[in-house]
Amino acid sequence: MHGPASFGWLLVALCALTGGYCLLRMRSAVEEQRRSAGDEALMGFGMAVMAVPAAAVAPPRWAWLAYTLVFGVAAVRALWTARTSPRHLHHLVGALAMVYMAAVMVASPGGGHGGTGPPLLTGVLLLYFAGYVLWAGARLIPVPVTAGVQVPAPRILGWGDRPELARACRLSMGIGMFAMLLTV
């Protein structure tokens, strides 16, 4: 990723921590949550590796090709899963955005950071992730309980089953993806 090195390292840390939390979520007792967490862990760690500042490490062209292949497979898997669960359409868009960014890096002169993609596609992806970040952020805002409404007793949940943490994880990855797309 090109741009200020401090910005890149902060993005690496955010994405790596998010990917790490998603690995913890894979211990959930619910299969759908485990599968979703696995997809998100791959995305978080992939984004962390891709966001390493160019001044620190300039990956060879074959690394960008490998990213394209890995996230292409992830996109096909997300498309397959989206047949039964439309929630995975977001995973599909995220994987395709990673394929797009890696392909831009392959096509750039020197085979690395600093490439530019088609402005229309970049703009569409930026709009999607900006909207997703706003939507995911709004879902984290607590809803006030009105008087007289029966609220169920809170359950004690493990780390893998905390919905508010899963939403925060998805929000941070959306922010990271938006930031990465700004540099394309």
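Remarks
- Considering residues of the range 22-41 that are surrounded by 20 or more Cβ atoms within 10 Å (Cβ to Cβ) and not small (Gly, Ala, Ser) only, the residue nearest to the chain's Cα centre (by Cα): GLU40
- Checking each residue in the range 48-97 for being within 18 Å of THR183 (Cβ to Cβ) and among the polar types (S, T, N, Q) picks out only THR68.
- The number of residues in the range 42-96 being among the small types (Gly, Ala, Ser), closer than 25 Å to GLY123 by Cβ and over 16 Å from the mean Cα position of the chain (by Cα) comes to 2.
- Hits in the range 41-66 (condition: of a type outside the set (Gly, Ala, Ser) and within 14 Å of ALA97 (Cα to Cα)): LEU42, MET43, MET47, MET50, TRP64
- Qualifying positions in the range 1-19 - modelled with pLDDT of 90 or more and either among the β-branched types (Val, Ile, Thr) or surrounded by 14 or more Cβ atoms within 10 Å (Cβ to Cβ) (or both): TRP9, LEU10, LEU11, VAL12, LEU14, CYS15, ALA16, LEU17, THR18, GLY19
- Enumeration of residues in the range 18-48 that are touching a helix residue (DSSP H, G or I) at 6+ places or on another chain (Cβ under 8 Å) and free of Cβ contacts under 8 Å to residues at least 24 places away in the same chain: LEU23, GLY38, ALA41
- Condition met for THR146 (modelled with pLDDT of 75 or more and either in contact with an Asp or Glu (Cβ under 6 Å, 6 or more places away or on another chain) or among the hydroxyl-bearing types (Ser, Thr, Tyr) (or both)): no
The values are calculated or read from the model by the stated rules, or taken from the named source; none is laboratory data. If you're wondering where the values come from, they're calculated on a predicted model, not measured in any experiment. Neighbour counts are summed over all protein chains in view; Cβ atoms, including those assigned to glycine, are modelled from backbone coordinates with ideal geometry.
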